[in-house]
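To keep things clear, I will list the structure first and then write my remarks on it.
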Amino acid sequence: MNDKERGYILPFVLMICTLLFLLLSNQLTLYVTGLKFYKEKEEIMKIERMLQKSLVEMKTIVNDTLSMSAVLFYEEGTVQYEMSEAGENFVTIDLTYTTTENRKRKVELIFDRHKMIFVSWIER
């Protein structure tokens, strides 16, 4: 064996392995973060779809005034609503959106029965 080598290959290999490990862990962290972001975005889109569907139904429900509170079921989740009179032509509607993944959003609407429009919109 040659005495001049003195083991410089092992530190070089360890340095390359460390760099590869750091690169791999960085890419894995970016991938997991991306997955979480898209999962979050999917939940927001589910709530937005339920919101649009329920607003169409709420216009007919307010005019019929069959029930002051109920639950609407959609494939994305459920919408619970409670209505209360807020004047002669106004109705306050409290909506609670819950997705299948248990994400919740609350919205308070004021609906004008005479003009058939939503006057106020407050998200909590």
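Averaging the Cα positions of each part gives two centres, and for the range 6-23 and the range 94-124 these lie 59 Å apart.
Between Leu28 and Asn102, what FRET efficiency follows from the Cβ-Cβ distance if R0 is 25 Å, with the result rounded to 0.05? In this case the efficiency is close to 0.35. Quick check for you: which residues of the range 73-115 have the amide N under 17 Å from the point 7 Å beyond the Cα of Asn63 toward its beta carbon? Label zone hits: 89-91, 111-115.
So what does log10 I(q)/I(0) come out to for the chain at q = 0.16, 0.18 Å⁻¹, using the Debye formula with one equal point on every Cα and no solvent? Values, matching the q order: -0.82, -0.94.
Every helix of 4 or more DSSP H residues in the chain counts as -39500 (n - 2.57), and over all residues that averages to -17000 deg cm²/dmol at 222 nm.
In this label model, Leu14 and Val71 are separated by 6.1 nm, measuring between points 7 Å along each Cα→Cβ vector. If R0 is 35 Å, the Cβ-Cβ spacing of Val119 and Leu35 corresponds to a FRET efficiency of close to 0.30. Close Lys pairs in the chain, defined as Cα atoms under 17 Å apart and 8 or more places apart or on different chains, number 8.
Farthest toward the positive end of the dipole of the chain, out of Gln52, Phe12, Phe37, is the Cα of Phe12, where the dipole comes from beta carbon charges about the Cα centre.
Compared with the dominant Cα axis of the chain, that is its longest principal axis, helix 9-64 is turned about 10°.
Since every read-out is calculated from the coordinates, none of them should be taken as a lab result. Keep in mind the model is a prediction, meaning the values are calculated, not measured. Reconstructed Cβ throughout: ideal geometry from the backbone, glycine too, with neighbour counts over all protein chains shown.
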